[in-house]
Structure formats: C-alpha cells, structure tokens
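To start, the structure under review is shown below, and the notes come after it.
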Amino acid sequence: MSGTVSIMNIATVGADTLLVPALALAGGLASAIIFGGKRQWINALLVTVGAAALAIALADMRVTSKGGDSLAVVTDAGGRIGEATLRAIPGAGAIALTGDGLREAEWRDLPARPLQWKPAPADLLSLDFPRTMPLGRIFTLTVRRPQASTGWRLQLLAENKQVLADSGPIAGSAPAAQLSVQWLPPVAEAMVLRVRLLDAKGKTIAEGPLPLQVTEAVPLQIQGRFDAASFDARALNRLLSDSGALVDWSVTLGKSIVRGETAREPLTAPNAMFIDAAYLEKLTPSARAALLAGTGQGMPLVILGANAADAGFWQRELELRLRPQSPTTEKEDQRQFSVGGVSLNMPPAALNPADSGDGMWAVLARDVRGQPWLWQRDLRQGRVIWVGVSEWHRYAISAPQALTLWWQDAMDRMVLAGVRKTEWRFPDPMPVIGLRSEVCAQGPDAGALVDVEGGSALPLRARSDKADGRCAAWWPRHAGWARFSAAGMATPAMTYVYAAEDWPLWQRSLRREATAQYAARARAAGVAGTTERPLSPTPFALLFAVCMLALWYRDPKATTELRNHGIT
C-alpha cells in the first residue's frame with residue numbers, strides 16, 4: 001500500500017445503535033449527580049468518565065479517514081485477485097487498478113472506492129443472444145466489436161460443426177462493428193451450439209460455445225370479440241388455431257347475426273382478450289365497464305385499432321389521444337418488418353396514438369425504421385394494448401411462415417410479457433468456473449434453499465435492487481449445464497457454466513464493463529478518497545474498568561478490606 005497519510009478522522013455512529021449506550025451514559029450521569037450532592041467531586045468525575053467510556057465502547061462507532069492510502073490492485077488474465085487484496089480493499093482510500101478488473105457480482109460485494117484505472121488497448125467482443133426461448137421463435141445472435149472492420153464473418157454452428165447460419169461475405173460492404181445471424185430451432189431441447197468469427201481471409205478470430213434452451217411453447221387461451229368481420233381477424237383466428245391455442249371467438253356479421261367459435265375445451269385461465277376498436281365503441285356502458293374491470297384484474301386487453309372511428313370516445317374512456325393519418329403520407333408511413341429474411345409491409349391504422357406515446361400510453365414496439373406500431377398502458381393490475389397496423393392477412397398466402405413468426409413475436413410482447421408467479425433469473429451473462437456468480441428466484445417459499453445439482457444448498461437472501469425476488473451467491477465448480485431447484489418454484493432451472501478458457505475476449509469485455517460501472521458507482525456515491533473503519537472499543541473498555549476500580553478503591557469499606565488483607 002502506498003499513498004498519503006490520513007489527515008482527518010471523524011467518528012460517526014448509527015442512530016439505531018444509540019439506545020444501549022445512551023442508557024449507560026444516563027445511568028452514569030445520574031450517579032454523578034448523586035455523588036455531587038454529597039460533595040464527592042472526584043467520585044462524580046470518575047463515574048462520568050467511566051460512563052462516557054462505556055457508552056463509546058458499546059456504540060458501533062465508525063472512523064472516517066480522509067486522504068487515506070491508495071491500494072494497488074492487479075487482476076490477472078482470468079480476472080482474479082488474491083484474498084489478502086480483497087480483504088484490504090474496504091480499508092483503502094482509493095484503488096489503483098492494473099488489468100481488466102473484476103466481474104459485476106464481485107464488484108458489488110465491495111464498498112465504493114475511488115478507482116484509478118486506465119485500461120490498455122485490447123481486442124474485445126461481446127455476444128448478445130437469448131439463453132432461453134420458446135419453440136417457434138427465431139433465435140438471433142449479435143456479436144459486437146469495439147472497432148469496425150471490413151470482411152469479417154459470423155457463423156452459427158451445430159454441435160456436429162454443421163453451419164446453421166452465416167452472415168456471409170458482402171462484397172463492397174462498409175466496415176461493420178457488429179454482425180447478426182438468425183436461426184429457427186426445430187426442436188425443444190437444451191443444446192450447446194458453436195459460434196465462429198472469421199476475418200476477411202477466412203482465419204478464425206474467435207470461437208466458443210453458445211448455450212441455448214428451447215422450451216415447449218405455452219398453449220394460449222384466447223378470447224376474441226369483434227363487431228365487424230375482417231380478413232385480418234380471420235387470419236389471426238387461423239394462426240391461433242393452427243398453433244394449438246384454445247380459442248373462444250365471435251364475430252358480428254350483421255344486426256342480429258353472430259358467427260361464433262367455441263373452444264374445444266373450457267378456457268380455465270384466458271391469456272388475453274382480443275377485440276376490434278368498433279366492438280368497444282359500440283358496447284353499452286355497463287358491458288364496457290365489466291370488460292375493463294376484467295382487464296384491471298390482470299388479463300391483457302388487445303385492441304385491433306384498424307376500424308376505430310371515434311377519437312373522442314378513446315380519449316374519454318382510456319385517455320388515448322388518437323391522431324388521424326394524413327392521406328398524403330400513407331405510402332411513406334407503411335410499417336416495415338423483417339422476419340426471417342422476409343419483408344412485411346403493413347399500413348398503419350387510420351387513427352393512431354402519437355409516435356412517442358402520450359400520457360399513460362407508451363410505445364411497446366417499433367418497426368425496422370423506428371416507427372411505432374404497438375402501444376400500451378397499465379390498467380390497475382392489467383394492461384391495454386393498441387395494435388396500430390392492419391392488412392397482415394395479405395401475407396397468410398404469400399409469406400405464411402414469416403407472418404406466423406411476426407405474430408408469435410407480437411404475442412410474446414402483448415400476452416406473455418406479464419409477471420409470472422415463479423421465475424428463475426440468472427443475472428450473470430457468462431458464468432465461469434471458479435468466479436462468483438448469482439442465481440435469483442421470484443416466488444420461492446419463505447426460507448427456501450436453492451439446491452444445486454452436485455453442490456451444496458444455497459441460502460436465498462433479499463436484495464435491495466430486487467424487491468420481487470431473492471438471490472444467492474454461487475461459485476460454479478464444473479463446466480456445462482448446472483441444474484437448480486427450490487421449494488415453491490414451479491419448475492427446476494438450468495444455466496450453462498463456461499470453462500475458464502472459453503471466450504477470453506468476451507470475458508475481458510465483461511470485466512471492463514463491470515469495472516467502469518463500479519467506478520461510476522463510486523463517483524455517484526460522492527466518495528472522494530475516504531475510508532470508514534470501526535472504532536476499536538478496547539481502549540474505552542479499559543478506561544471504564546480503571547475508573548470503576550478507582551471508584552471502588554475510594555470507597556471506605558473497600559479500603560478497610562484491603563488493609564485487613566495487608567494491602568496498602
């Protein structure tokens with residue numbers, strides 16, 4: 001350790017620890033008053049000093065040192081530092097860091113200290129991909145590098161090295177800092193794919209494992225109520241039915257003609273109610289209140305806004321300000337989507353909310369050009385969603401798979417995005433053998449432990465930044481899939497543990513990002529070269545003992561007893 005010597009010490013104590021010391025001090029002052037009334041001034045002084053010393057010894061007092069020492073910390077290539085250095089960080093005034101730093105979970109366990117750090121230039125990369133996804137969704141992998149370069153490629157490989165997706169060389173392409181590939185998993189299973197990065201000459205830049213859990217899709221239970229028949233509603237009905245969803249559907253064809261479709265099984269827990277805008281506009285006030293009351297209890301209400309006609313109605317009922325689309329910009333205002341390499345163009349609804357949302361309403365999704373097409377607002381425990389595009393039925397024949405994937409993505413946003421009763425979370429994007437990681441659970445039984453396959457049980461503890469869940473620190477022991485279970489959780493969970501040599505450039509990037517966040521935390525906390533340590537109670541306890549012995553010695557009875565034993 002090196003640095004400047006502390007120039008100021010300030011003792012502080014928490015308000016919640018003042019009760020016992022205050023009682024001790026009050027008792028001593030009361031005794032001092034009694035001695036003072038008897039004109040025993042020395043005894044009164046001894047009692048006062050002793051009581052003050054006892055109060056200080058009992059209080060959890062802290063000493064803040066300004067201008068403290070700077071601790072030199074060196075992290076090795078694996079992002080590890082010694083135990084002695086870790087223990088010394090809380091007592092340091094600042095940290096002089098050499099290397100790439102620590103992971104986010106490790107920095108979070110350390111108190112904020114000013115960080116002196118200048119990362120050396122290095123090649124980095126980061127991988128962005130979903131670790132778990134339902135069957136039928138398109139898997140997208142994005143790789144980013146700090147410097148744009150020309151001609152590099154990204155490949156996604158199966159476990160048998162077969163190429164599943166390739167970004168491909170693009171002749172005359174501009175330098176790129178990120179590349180993406182997409183792939184549609186054919187089965188629901190846990191798999192470990194491979195990712196390979198190639199330079200312009202075909203030489204491997206980096207290669208490593210990529211874990212993916214594909215789960216069975218959740219069967220949907222959908223209610224549909226439409227005041228006007230449309231090809232869009234019919235296409236949506238067919239897509240839902242073909243996906244195995246339970247559908248309770250009815251469409252008004254005329255003044256007294258309704259075409260209905262009853263679900264093949266009773267809907268025990270509907271996931272959402274789909275309506276068109278005309279249906280809500282024509283409902284009686286009592287029926288509309290009942291519908292919105294059901295939405296407020298948690299079931300999403302999805303409104304297809306293509307046939308909305310009364311902007312004032314939506315402003316009054318749902319505080320939704322709708323703006324008409326100018327006919328002169330209809331062609332330019334088409335919403336454009338790219339799904340699985342297929343382009344889908346859909347016209348917006350004649351009445352739509354503002355592009356940035358308005359009041360209680362917020363944009364939920366945008367197209368490839370950044371134009372909004374989906375809005376939502378909270379309604380007590382539920383949500384109301386406005387679908388602001390139409391004419392998707394045109395792709396039911398020309399691009400049926402792309403349309404199916406587009407609606408599946410929309411369903412994930414609108415219907416399946418609600419809070420689940422129990423859920424596993426793994427905040428660490430890349431758990432590595434021997435490095436601290438975390439497992440979090442939402443909804444476990446009180447006092448539940450997380451059972452790790454092949455390891456010891458982990459105690460779940462509340463975290464201030466995760467009010468709806470509990471987390472446990474975890475040090476992975478083996479590479480590969482790790483399995484977890486806990487009492488009260490609906491299903492077990494899995495996450496993949498990387499070997500120490502996997503993706504060194506990604507590991508370096510994660511450590512640098514976490515270190516930069518730690519430095520920002522220290523700045524935000526206003527820490528400027530200060531350290532805080534507990535004040536040792538030993539000197540004050542000894543002072544209290546000396547005062548009490550002196551007080552006892554001054555007592556006439558104690559003096560007589562000492563003389564009887566031959567002590568003067």
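Here are a few things to note about the model shown:
- Where a residue in the range 429-457 is free of Cβ contacts under 8 Å to residues at least 24 places away in the same chain and its partner, wherever it lies, is outside any loop (DSSP other than H, G, I, E, B) and of a type outside the set (V, I, T), with Cβ under 7 Å and at least six apart: A457/L449; A457/D451
- Selection over the range 303-325 of residues that are small (G, A, S), open to solvent by less than 40 Å² (accessible area, probe 1.4 Å) and in contact (Cβ under 8 Å) with a residue 12 or more places away in the chain gives a count of 3.
- Cross-chain or 6+ apart pairs with Cβ under 9 Å, the range 77-100 first and within 18 Å of A519 (Cβ to Cβ), then assigned to a loop (DSSP other than H, G, I, E, B) and open to solvent by less than 10 Å² (accessible area, probe 1.4 Å): G79/G101; G79/L102; G79/L435; I81/L102; G99/G79; D100/G79
- Cβ separations smaller than 7 Å between residues 6+ apart or across chains give the following pairs from the range 211-232 residues that are at pLDDT 90 or above to residues that are open to solvent by 50 Å² or more (accessible area, probe 1.4 Å) and acidic (D, E): V214/E189; D232/E391.
- Contact map, the range 276-302: first residue touching a residue at least 60 places away in the same chain (Cβ under 8 Å) and surrounded by 15 or more Cβ atoms within 10 Å (Cβ to Cβ), second residue assigned to a strand (DSSP E or B) and of a type in the set (F, W, Y), Cβ cut-off under 6 Å, separation 6 or more or different chains; pairs are V302/F274.
- Residue match in the range 232-244 (condition: on the phi > 0 side of the Ramachandran plot, open to solvent by less than 40 Å² (accessible area, probe 1.4 Å) and in a loop (DSSP other than H, G, I, E, B)): yes
- Residue selected from the range 68-91 under the condition within 29 Å of L542 (Cβ to Cβ) and over 29 Å from the mean Cα position of the chain (by Cα), by the criterion modelled with the lowest pLDDT: G68
- Top-ranked residue in the range 28-48 [being in contact (Cβ under 8 Å) with a residue 40 or more places away in the chain and not β-branched (V, I, T); ranked as surrounded by the most Cβ atoms within 10 Å (Cβ to Cβ)]: L46
- When restricted to residues that are of a type outside the set (K, R) and closer than 30 Å to R288 by Cβ, the range 208-233 contains 15.
- Being in contact with a strand residue (DSSP E or B) (Cβ under 9 Å, 6 or more places away or on another chain) and more than 30 Å from L246 (Cα to Cα) is a description that does not apply to L212.
- Candidate set: the range 370-397, residues that are open to solvent by 10 Å² or more (accessible area, probe 1.4 Å) and part of a loop (DSSP other than H, G, I, E, B); chosen: the one nearest to A350 (Cα to Cα): S390
- Selection within the range 132-167 - more than 15 Å from P209 (Cα to Cα) and exposed (fewer than 12 other Cβ atoms within 10 Å of the Cβ): Q147, A148
- Here S338 fulfils each of the conditions (1) open to solvent by less than 50 Å² (accessible area, probe 1.4 Å); (2) out of contact with any strand residue (DSSP E or B) (no Cβ under 6 Å at 6 or more places or on another chain) apart from (1).
- Output for the range 85-120, where each listed residue is aliphatic (A, V, I, L, M) and open to solvent by less than 40 Å² (accessible area, probe 1.4 Å): A88, I89, A92, A94, I95, A96, L97, L102, A105, L110, A112, L115
- Of the strands (runs of 3 or more DSSP E) entirely within the range 434-511, those holding at least 2 residues that are aliphatic (A, V, I, L, M) occupy 437-442, 449-452, 466-474, 493-497.
- Count - residues of the range 49-67 that are modelled with pLDDT under 85 and open to solvent by 20 Å² or more (accessible area, probe 1.4 Å): 10
- Selected residue [acidic (D, E), open to solvent by 50 Å² or more (accessible area, probe 1.4 Å) and within 17 Å of E207 (Cβ to Cβ)] from D76, D123: D123
The values are calculated or read from the model by the stated rules, or taken from the named source; none is laboratory data. None of the values given here were measured: they were computed from a predicted structure. Note that we place each Cβ from the backbone using ideal geometry, even for glycine, and neighbour counts take in every protein chain shown. Side chains included, ligands, DNA and RNA excluded: accessible areas come from the protein's heavy atoms. Shrake-Rupley method; radii C 1.70, N 1.55, O 1.52, S 1.80 Å.
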